[in-house]
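Engineer: Sharing a structure here in structure tokens format.
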Amino acid sequence: MRAAVLGSPISHSLSPFLHRAAYREMGLTGWSYEAFECDEARLPAKLRELRPVRGERAGDAGAWAGLSLTMPLKRAVLPLLDTVSELAVEVGGANTVVFSGGAAHGDNTDVYGITQALAEAGVPAPRSATVLGGGATAGSALAALRELGLFAVTLIVRDPARAGETAAVAERLGVTLSVRTFDKLDAALEADLVVSTLPGGAADAYADRLARVPALFDVVYAPWPTVAAAAVRAAGGTVVGGFAMLLHQAVRQVELMTGRTDVPVDAMRAAGEAEILRRSGERA
């Protein structure tokens with residue numbers, strides 16, 4: 001069976017290291033996992049190119065079991081799929097495609113990755129939360145917070161006019177969203193949990209103010225810790241990094257693609273951490 005991650009740029013992806021480690025530990029010697037550079041314009045043709053898919057022909061030898069999707073494909077893939085999970089519809093994006101019976105089914109494991117990362121770090125269900133940034137990951141963060149029982153969230157963005165998609169996600173989730181700009185950040189930090197979905201380095205300018213929050217979930221995983229994460233940790237707060245989210249969403253992907261639940265989390269974690277360390281050595 002074959003699987004792969006698609007996105008652009010894709011060279012930085014840790015997914016091949018995580019999934020291949022799982023296959024080795026699970027004894028799936030006939031499984032492979034690749035990485036393909038693919039943008040939104042090329043996605044329809046790429047999906048047509050992936051043949052055969054599981055269940056399309058007898059035996060399934062060499063068939064595609066599934067795909068991991070990273071930016072900018074999570075939203076673009078939805079109209080190209082045969083079926084889509086309710087969660088992926090609500091969030092407005094699928095990071096996972098599972099082939100079964102010759103059809104393509106879209107799902108979202110980012111939400112699972114966030115909830116598992118928070119649980120692993122011992123972060124209790126928050127009574128209040130603030131999300132920084134209004135991209136696709138912010139939608140998954142809102143869904144994760146809803147699963148933790150929170151139905152009112154503050155969203156901090158630079159331009160409220162560009163938060164329309166995230167606001168639509170909140171409406172589908174039944175979450176009340178209070179949208180504010182970064183000049184109102186201080187008031188929004190009176191929360192149990194802050195989730196930063198900002199790209200690497202973007203939250204550093206707010207590190208001094210973020211330092212006082214009880215818990216910070218920063219979706220960045222390299223370089224780590226971010227300035228903001230280090231500030232929160234130094235002040236005694238709980239910090240959760242993006243690698244934990246990446247790891248657990250990949251664990252769920254392996255479950256969905258293989259149909260097995262004995263996924264080796266520790267082996268996947270070790271493989272991902274080793275690759276992050278190798279890359280950090282190259283940058284040094």
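The values are calculated or read from the model by the stated rules, or taken from the named source; none is laboratory data. These numbers come from a predicted model, not from an experiment. Every residue, glycine among them, receives a Cβ derived from its backbone with ideal geometry; neighbour counts consider all protein chains shown. Remember, those area values only see protein heavy atoms, side chains included, never the ligands or the DNA or RNA. Shrake-Rupley method; radii C 1.70, N 1.55, O 1.52, S 1.80 Å.
Engineer: Look at Ala104 and say whether it is in contact with a Phe, Trp or Tyr (Cβ under 9 Å, 6 or more places away or on another chain) and among the small types (Gly, Ala, Ser). It would help to see each step written out before you state the result.
Structural biologist: Numbers: in contact with a Phe, Trp or Tyr (Cβ under 9 Å, 6 or more places away or on another chain): no; among the small types (Gly, Ala, Ser): yes.
So Ala104 does not fit the description; no.
Engineer: Something else now. Please work out which residue is nearest to Gly101 (Cα to Cα), limiting yourself to the stretch 255-267 and to residues that are in contact with an Asp or Glu (Cβ under 8 Å, 6 or more places away or on another chain) and touching a residue at least 40 places away in the same chain (Cβ under 8 Å).
Structural biologist: Leu256
Engineer: Let me ask something else about it. How do the strands (runs of 3 or more DSSP E) wholly within the stretch 32-138 filter down when requiring 1 or more residues that are open to solvent by 30 Å² or more (accessible area, probe 1.4 Å): which remain?
Structural biologist: Per the criteria, 32-37, 96-100, 103-107.
Engineer: Condition first: without any contact (Cβ under 8 Å) to a residue 40 or more places away in the chain and over 14 Å from Val254 (Cβ atoms). Now tell me which residues in the stretch 13-35 satisfy that.
Structural biologist: Listed by number, the residues that qualify are Thr29, Gly30, Glu34, Ala35.
Engineer: Residue under question is Val5, and the condition is that it be in contact with a His (Cβ under 6 Å, 6 or more places away or on another chain), open to solvent by less than 50 Å² (accessible area, probe 1.4 Å), under 29 Å from Pro264 (Cβ atoms) and assigned to a strand (DSSP E or B); does it hold?
Structural biologist: In short, no.
Engineer: Then there's this: Go through the stretch 228-284 and report how many residues are surrounded by fewer than 17 Cβ atoms within 10 Å (Cβ to Cβ), touching a helix residue (DSSP H, G or I) at 6+ places or on another chain (Cβ under 8 Å) and in a loop (DSSP other than H, G, I, E, B).
Structural biologist: Within the stretch 228-284, residues that are surrounded by fewer than 17 Cβ atoms within 10 Å (Cβ to Cβ), touching a helix residue (DSSP H, G or I) at 6+ places or on another chain (Cβ under 8 Å) and in a loop (DSSP other than H, G, I, E, B) number 3.
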